[in-house]
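Please treat every number below as a calculation from the coordinates, not as lab data. Values in this document were obtained by computation on a predicted structure and should not be read as measured data. Note: ideal-geometry Cβ built from the backbone for every residue, glycine included; neighbour counts use all protein chains shown.
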């Protein structure tokens with residue numbers, strides 16, 4: 001994981017429309033409208049990390065996870081108006097070098113209302 005790069009979530013459960021690309025970690029909008037996006041990031045004890053939900057390079061929501069003695073889960077949800085071709089992703093902002101626990105972290109997005 002590198003600072004200011006997308007986190008790619010490789011374990012895809014549902015991807016209707018194939019708008020999420022696990023290779024890049026990007027959601028690419030094909031149907032414009034209002035979407036709910038949520039991310040939950042789990043890290044190991046003694047770690048600290050800050051991530052953001054980003055739309056087209058602009059930070060829309062921040063997520064912090066960190067605890068000196070226990071696993072730590074940080075999460076956030078944001079509703080965004082997204083146009084066709086817009087990109088939404090989770091970006092790593094800061095870390096103390098520890099890794100995200102992939103199998104317990106997730107990124108979710110779904111259409112609420114079409115334009």
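Any residue at all in region 4-22 that's surrounded by 12 or more Cβ atoms within 10 Å (Cβ to Cβ), closer than 19 Å to residue 59 by Cα and either without any contact (Cβ under 8 Å) to a residue 40 or more places away in the chain or touching a helix residue (DSSP H, G or I) at 6+ places or on another chain (Cβ under 7 Å) (or both)? Checked against the condition, which is being surrounded by 12 or more Cβ atoms within 10 Å (Cβ to Cβ), closer than 19 Å to residue 59 by Cα and either without any contact (Cβ under 8 Å) to a residue 40 or more places away in the chain or touching a helix residue (DSSP H, G or I) at 6+ places or on another chain (Cβ under 7 Å) (or both), region 4-22 yields at least one hit. For region 34-53, a tally of residues being surrounded by 19 or more Cβ atoms within 10 Å (Cβ to Cβ) and over 20 Å from residue 11 (Cα atoms) returns 3.
Within region 57-70, the set of residues being in contact with a strand residue (DSSP E or B) (Cβ under 7 Å, 6 or more places away or on another chain) and surrounded by 14 or more Cβ atoms within 10 Å (Cβ to Cβ) comprises 60, 61, 63, 64, 65, 66.
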